[in-house]
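Colleague: If you scroll down you'll find the structure; I have some questions about it.
Readers should treat all values here as calculations from the given coordinates under stated rules, not as data from a laboratory. Only a predicted model underlies this, so the values are computations on that prediction, with no experimental measurement involved. Quick reminder, even Gly has a Cβ in these numbers, built from the backbone with ideal geometry, and neighbours come from all protein chains shown.
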Amino acid sequence: MPNFLVDLQPIGRRIEVQPGTDLLTAAQNAGVDLVAACGGVGICGTCKLRLAAGQLTPLTSSEEEQLRPEEITRGYRLACQAAPLSDVRLEIPPESLPAAQRIQIEGRESALALDPAVVALDVALSAPRLEDLRADLARVNDALAAAGRGPLQASLALLDQLSAHLRREGWTARLALRVPALPVHLVEGDSQLAAVLPAGSRLLGLAVDMGSTKLAMYLVDLESGFTLARGGVMNPQISYGEDVVSRIAFANKSADNRRLLQTRLVETINQAVGGFCAQVGASAEQIVDAVIVGNTAMHHFFCGLPVEQLGAAPYVPAVSQPLDVRAEELGLQLAPGAWVHLPANIAGYVGGDHTAVLLATQGYAADQTLVVVDIGTNTEISAVHAGRIVTCSTASGPAFEGAHIRDGMRAAPGAIERVRIEQGRVHVATIANQPAVGICGSGILTAVAEMLAAGIIDPRGSLRRDAPGVRVNNGKAEFVLVPPEGSGHGYEVVVTRSDVNEIQLAKGAIRAGINILLQEMGLRPEDVDAWIIAGAFGTYLDLRSAQRVGMFPAAPLERFHQVGNAAGVGAKEMLLSRARRVQARQLAERVGYIELTAYPDFTRHFVEAMYFGES
């Protein structure tokens, strides 16, 4: 029988196994540690996986005993009990991993005047009596009028909570009120109720950056502006496609598939919210507002909007303007009257996340010429000069996440993140200083840059077969980074010609986008005052390596600023300031978009940028 391919997501590791190999063994052989408290005998239920595609052996009695019925319905299995019957793609839930993947959630922040869209009003009301038979809502509206606010708008569910709360709390309450005029759906002068809480309760907000690969989330105190909790998780949609193009194709197969992508995303956010609340001693009902950003496809997946039109030219979004949507419509478990703000999308492949990046990096913009590069599976680039903003999107691909690389993996313990070659000797640094089991995006980029500097590869990307460390395997040249005896799984870690080509494609797409934007603006690289490098990969990017391979021009390194998760920072700014929401909308309206696939000179720029070094 042929071997089966086991694809382990979101780690990004793949391994071929013989028929009959259980999934726990497959994961361990691939260098992926799963929690298996009982050692794999099927009695602890800790090595859970979820089947996303393919076929596994039937459920065992141990699985029926250890897994809840709803888990079985959703495709969960125990890795030690199941074996593949075909090629399979598996989703590893966070609780089954002993060590979390590295997810960049920090970003460079600036001072901000607080003006959230939801504010607190404490009320103390007189109790009803025979001489005062006003309805509960009338009492509240009278208190609002005394505070200079309009009458209350609230759902029936909130009105039900209001009456019960007032009697339970001695006719005191903290009302979370959405400030009039934002969103525009409100009647001018009305006070929209987001939540009714005990007096003195903190009002909290949620900011989320929905990346194609990772979600970065922040729980924020709306009254102080402090971030109380933050965290990152892998985007569960990876199980249905590593990039948004694959997910669009999956969603277009059926309405059920589209709903599944939305449901899995919302479930993951709700789970993280529950963890945040437990961490800070709060309840989800205190989260009265949210700002969520993502690329246009992620925006549409999250909102349950159609994505067919994003999968084919001219790549038109269903919605581009800012949206304000009730959290309960989306399935988010926040305050019963909470809303979610989603900033404007710019184009089919430039979404509200890049709007948030532009907002967060405005501190660099005063009288400066900027190039802003938000690197990911899809990379958005903007050039800012003399009040003009021009943007494009490049399909840089998943190589920077470790995908499509022979020994590639995501940024988890044991992933090679830095390579240095000195006098023919290879030195590697791994995440968490664990024995190497693969190589992540920053590692493969530095490896290629070092191989180029050492003469192991030529400007076209071909490996020189006579170079030290290069061997021929099945007729193809590959460079050994770590021999079997030095790895964490007993296999060598190598760089192949195909791996080098993936980096050429990724960096070539980014450089071509930069060159075209500069050409459109009439600028040269030396005219750029500041290069703003954002995104998770941009945080860990070695700038010298990026310049060596030609991803960025050879500008002075002091002009480069690695700002971390600028999209997350922009989302938090919009959460804390209505003025920032207005600025974000105005920024999006100013942006001129270039569709690279239709640009007359794109092919020439891209081919030239594929070569290593300056073209």
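Colleague: Projected onto the charge dipole of the chain (+1 at Lys/Arg Cβ, -1 at Asp/Glu Cβ, origin at the Cα centre), which of Pro556, Ala312, Ala383 gives the Cα projection farthest towards the positive end?
Modeller: My answer, from the dipole projection, is Pro556.
Colleague: Using all C-alpha to C-alpha distances in the range 4-96, build P(r) with 5 Å bins and read off the rounded percent in each one.
Modeller: 3, 16, 30, 29, 18, 5, 0
Colleague: Right, something else. Rounded to whole Hz and in sequence order, give me ³J(HN,Hα) for the range 391-399 from the Karplus expression 6.51 cos²θ - 1.76 cosθ + 1.60, θ = phi - 60°, writing x for Gly and Pro.
Modeller: Values per residue, Gly and Pro as x: 10, 9, 10, 10, 7, 6, x, x, 4 Hz.
Colleague: With +1 on each Lys and Arg Cβ and -1 on each Asp and Glu Cβ, and nothing else charged, work out how big the dipole of the range 385-510 is about its Cα centre, in Debye to the nearest 20. Please report the intermediate quantities before stating the final value.
Modeller: Working: 13 positive and 12 negative charges, 64 e Å.
Dipole magnitude for the range 385-510 comes out near 300 debye.
Colleague: Using Cβ counts within 10 Å as a stand-in for footprinting exposure, how do Phe612, Phe602 rank, fewest first?
Modeller: Ranking Phe612, Phe602 by Cβ neighbours within 10 Å, fewest first, gives Phe602, Phe612.
Colleague: If the viscosity is 0.692 mPa s and the temperature 37 °C, what Stokes-Einstein diffusion coefficient in µm²/s follows for the chain when Rh is the Kirkwood radius over Cα pairs?
Modeller: Stokes-Einstein gives a translational diffusion coefficient of 126 µm²/s.
Colleague: Which of Ala598, Ala365, Thr60 sits closest to the plus end of the dipole of the chain, meaning its Cα is farthest towards the positive end, when Lys and Arg get +1 and Asp and Glu get -1 on the C-beta?
Modeller: Ala598
Colleague: Where in the range 353-376 is the amide nitrogen less than 20 Å from a point lying 7 Å along the Cα-to-Cβ axis of Arg559?
Modeller: 361-375
Colleague: Could I ask something else about it? Mind putting a number on the dipole of the chain about its Cα centre? Charges go on the C-beta only, +1 for Lys and Arg and -1 for Asp and Glu, and I need it in Debye to the nearest 20.
Modeller: On the way: 52 positive and 65 negative charges, 76 e Å.
It works out to roughly 360 debye.
Colleague: Once amide H atoms are built 1.01 Å from N in the peptide plane, which residues 5 or more positions from Leu481, or in another chain, come under 5 Å H to H?
Modeller: Those lying under 5 Å, H to H, from Leu481 are Val493, Val494, Val495.
Colleague: How much mean residue ellipticity at 222 nm does the chain get from its helices, if each DSSP H run of length 4 or more adds -39500 (n - 2.57) and you divide by all residues, to the nearest 500 deg cm²/dmol?
Modeller: -8500 deg cm²/dmol
Colleague: Roughly speaking, what is the stretch gain from Leu5 to Leu125, that is 0.36 nm per residue apart minus the C-alpha to C-alpha distance, in nm to one decimal?
Modeller: Gain in length upon complete extension: 36.6 nm.
Colleague: Under a Cβ-only charge scheme (Lys and Arg +1, Asp and Glu -1), can you give me the dipole magnitude of the range 204-342 about the Cα centre, in debye to the nearest 20?
Modeller: Computed about the Cα centre, the dipole is about 400 debye.
Colleague: Would you mind counting up the charge near Leu51? Only other residues with Cβ under 13 Å from its Cβ, with Lys and Arg at +1 and Asp and Glu at -1. Write out the running numbers ahead of the final one.
Modeller: On the way: positive: Lys48, Arg50, Arg74, Arg77, Arg89; negative: Asp7, Glu63, Glu71, Asp87, Glu91.
Taking every Cβ under 13 Å from that of Leu51, the sum is 0.
Colleague: Follow-up question, since we're still on this one. Figure the gain on full extension for Glu520 and Asn270 (residue separation times 0.36 nm, minus the Cα-Cα span) and round it to one decimal in nm.
Modeller: Length gained, Glu520 through Asn270: 85.7 nm.
Colleague: On C-alpha positions alone, give me the angle between the axis of helix 497-521 and the longest principal axis of the chain, in degrees, nearest 10.
Modeller: That helix lies at roughly 60 degrees to the long axis.
Colleague: Quick check: the angle from helix 566-576's long axis to the longest principal axis of the chain, C-alpha only, nearest 10 degrees?
Modeller: 0
Colleague: Right, here's the next one. Give, in nm to one decimal, the length gained when the segment between Val319 and Glu16 is fully stretched (0.36 nm per residue of separation minus the Cα-Cα distance).
Modeller: Fully extending the segment from Val319 to Glu16 adds 104.9 nm.
Colleague: Could you grab the relative contact order for the chain? Cα pairs under 8 Å, six or more apart, rounded to a whole percent. Don't jump to the answer; show the numbers that get you there.
Modeller: Numbers: 1383 pairs, mean separation 82.5, N = 615.
Once divided by the residue count of the chain, the mean separation gives 13 percent.
Colleague: Taking a 27 Å limit on the Cα-Cα distance, which of the listed pairs Lys214/Lys253; Lys476/Lys507; Lys253/Lys507; Lys253/Lys476 fall beyond it? Please list the in-between numbers first.
Modeller: Working: Lys214/Lys253 24 Å; Lys476/Lys507 23 Å; Lys253/Lys507 32 Å; Lys253/Lys476 38 Å.
Distance filter (> 27 Å) returns Lys253/Lys507; Lys253/Lys476.
Colleague: Using the alpha carbon gyration tensor of the range 399-503, what are the three equivalent-ellipsoid semi-axes (square root of 5 times each eigenvalue), largest first, in whole Å? Provide the component values of the computation, followed by the final result.
Modeller: Numbers: eigenvalues 77, 40, 34 Å².
Ellipsoid half-lengths, sorted descending, are 20, 14, 13 Å.
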